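Notes for the one structure printed next.
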Amino acid sequence: MSVDRNVVIDAMSQVKSESNDEGLIPAFNVLVTQAPTSRWNNFADLITNSVDPELKPAAEALLENAAHECGYHTGYGIITSEEFDAICNPMIQNPPEDVLHAAFAVFTAWGWAKSEVVELIPGEKMVVRAYDYYESDVVQRGTLNGPCAYMIQGVSAAFMDLAYGGEYDPSGQTGMRTFKCEQVKGIECGDEYGEFVVTLAG
Amino acid sequence: MSTEQLTQWVVDHKFDRDTCRHSVNGFDAVLHCHHYASLYCQLADDAESFNGSHLLQRSSELSFYDVLSDYFTKHNVQNLDERVALTEEYWKTCGFGTLKFDHVGELSAAAHMDHSHVDEGWIKKWGKRDKPVNFIGQGYVAAAMAAIYGLPSGSYNVYETDSIVAGADASRFSLVRS
């Protein structure tokens, strides 16, 4: 892996988002917001704990899907951006694997999760570890019975879609959801880190 | 003649290199796109059986109420006009659009958004629809009113009476003390 994560994190963490006169932030081919992490955590926590227990997996799947689409479209915007081109592309020798490593360095730099790829079988499987992530903040004392990092799950699968799922499709009809992700460890469950296993959707 | 801006939302943005988290004015903050917001709103809207739209509104209200109240305390903002202006400014700073309160009183208020991240993002993704979808914005204006008057979160009921997503020129919100 030729990507220097520290260089990427130091540079990309300084990228600023400022709203225009319309109060909007167009960036990376999408509109973005910079909101408190609790804005997203609160809803995930409330909705997964408000549904009937038999419907909880469906609610969790929809939360993950929101991140999957976000990760697919915003992820593409990131890896085709001027910033990525200037900072990451000079380090990339072996695409798309190096692009994935760089994408998780950006993912880290922007505060989504302090994460890295720890195992990668091209076109088949990726394992990501996250050592700090805001989604675990829903637990302030004690542990959960099951993990709740829906955003990292969805984005991890989406990044594999972008790497190995074929040409980017702005409509999302093809290319997206060729991979799925399972969270097998979580800080919110008492583990030292979160672990995310991405495999072919089959 | 130049016009002096009396109030400006001060952004204290930090990046913690150890945890790799961003914070704005002491609150962890994160970038997300309109796809994410749209799908959260769709999930909330679909979850009619357990009032998902209210949950998204409430989750927004709880989050933003803390930020606004903390800011007023730390910066010792007591003046009503300044508080109103700051809630409008903060919404814009976050990238959620433009917010303007038309009138503010302790028992009722009205506000509008000429631009809305949620509405315009939804239209960009799926096109228009006939019902409001800005549950995040509804929660924000309720949080703003409670923070402006130093009342507990949940002190105002909010109704979105016009929506950009439904073709209106602006989204309009009516608030009543609960």
Item to check | Residue that is most open to solvent (accessible area, probe 1.4 Å) [pool: residues in the stretch B:46-80 that are modelled with pLDDT of 95 or more and among the acidic types (Asp, Glu)] | outcome: B:Asp66
Checklist entry - What tally of residues in the stretch B:45-57 results from selecting those that are within 7 Å of chain A (Cβ to nearest Cβ) and in a helix (DSSP H, G or I)? => result 4
Checklist outcome for this item: In the stretch A:116-136, anything touching an Asp or Glu at 6+ places or on another chain (Cβ under 9 Å) and small (Gly, Ala, Ser) is listed as A:Ala130, A:Ser136
Checklist entry - Which pairs do you get when a residue that is part of a strand (DSSP E or B), found in the stretch B:106-124, comes within reach of a residue that is among the hydroxyl-bearing types (Ser, Thr, Tyr), reach meaning Cβ atoms under 7 angstrom, with the pair 6+ apart or on two chains? => result B:Ala110/B:Ser174; B:His112/B:Ser171; B:Met113/B:Thr98; B:Met113/B:Ser171; B:Asp114/B:Thr98; B:His115/B:Thr98; B:Ser116/B:Ser171
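Residues checked against (1) within 14 Å of another protein chain (Cβ to nearest Cβ); (2) out of contact with any Lys or Arg (no Cβ under 7 Å at 6 or more places or on another chain); (3) without any contact (Cβ under 8 Å) to a residue 40 or more places away in the chain:
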{"residue": "A:Phe107", "(1), (2), (3)": "yes, yes, no"}
{"residue": "A:Trp110", "(1), (2), (3)": "yes, yes, no"}
{"residue": "A:Gly166", "(1), (2), (3)": "no, yes, yes"}
{"residue": "A:Asp191", "(1), (2), (3)": "no, no, yes"}
{"residue": "A:Gly194", "(1), (2), (3)": "yes, no, no"}
Item to check | Yes/no for A:Ala66 being within 8 Å of chain B (Cβ to nearest Cβ), crowded, with 24+ Cβ neighbours inside 10 Å, assigned to a helix (DSSP H, G or I) and touching a helix residue (DSSP H, G or I) at 6+ places or on another chain (Cβ under 9 Å) | outcome: yes
Checklist entry - When the stretch A:18-45 is examined, which residues are found to be touching a Gly at 6+ places or on another chain (Cβ under 7 Å), in contact (Cβ under 8 Å) with a residue 12 or more places away in the chain and open to solvent by 30 Å² or more (accessible area, probe 1.4 Å)? => result A:Phe28, A:Asn29, A:Gln34
Item to check | Top-ranked residue in the stretch A:145-172 [being under 21 Å from A:Tyr133 (Cβ atoms) and outside any helix (DSSP H, G or I); ranked as least open to solvent (accessible area, probe 1.4 Å)] | outcome: A:Ala149
Checklist entry - Looking at the stretch A:1-49, which of its residues are among the polar types (S, T, N, Q) and either more than 8 Å from chain B (Cβ to nearest Cβ) or not in a loop (DSSP other than H, G, I, E, B) (or both)? => result A:Ser2, A:Asn6, A:Asn20, A:Asn29, A:Thr33, A:Gln34, A:Thr37, A:Ser38, A:Asn41, A:Asn42, A:Thr48, A:Asn49
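Each row is one residue, and each column tells you yes or no for (1) more than 9 Å from chain A (Cβ to nearest Cβ); (2) over 28 Å from A:Phe28 (Cβ atoms).
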site	(1), (2)
B:Val67	no, no
B:Asn79	yes, yes
B:Ala85	yes, yes
B:Glu89	yes, no
B:Thr93	no, no
B:Thr98	no, no
B:His103	yes, yes
B:Gly121	no, no
B:Lys124	no, no
Checklist entry - Restricting the search to the stretch A:80-97, which residues are away from chain B (no Cβ under 14 Å), in a helix (DSSP H, G or I) and open to solvent by 10 Å² or more (accessible area, probe 1.4 Å)? => result A:Glu82, A:Asp85, A:Ala86, A:Ile87, A:Asn89, A:Pro90, A:Met91, A:Glu97
Item to check | Test result for B:Gly105, open to solvent by less than 40 Å² (accessible area, probe 1.4 Å) and farther than 23 Å from A:Gln34 by Cα | outcome: yes
Checklist entry - How many residues are of a type outside the set (A, V, I, L, M, F, W, C) and at the interface with chain A (Cβ under 8 Å from one of its Cβ atoms) if we restrict to the stretch B:19-30? => result 4
Checklist entry - Looking at (1) touching a Gly at 6+ places or on another chain (Cβ under 9 Å); (2) within 11 Å of chain B (Cβ to nearest Cβ); (3) part of a helix (DSSP H, G or I); (4) in contact (Cβ under 8 Å) with a residue 60 or more places away in the chain, which is the one condition that is false for A:Ala130? => result (3)
Checklist entry - Taking the stretch A:138-171 only, how many residues are in contact with a helix residue (DSSP H, G or I) (Cβ under 7 Å, 6 or more places away or on another chain) and within 15 Å of A:Glu69 (Cα to Cα)? => result 13
Item to check | Filter result (small (Gly, Ala, Ser) and part of a strand (DSSP E or B)) within the stretch A:186-202 | outcome: A:Gly194
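The values are calculated or read from the model by the stated rules, or taken from the named source; none is laboratory data. Since this is a predicted model, take the numbers as computed values, not measurements. Cβ: placed from backbone, ideal geometry, glycine included. Neighbour counts: every protein chain shown. What goes into the accessible areas is simple: the full protein's heavy atoms, side chains included, and nothing from ligands, DNA or RNA. Shrake-Rupley method; radii C 1.70, N 1.55, O 1.52, S 1.80 Å.
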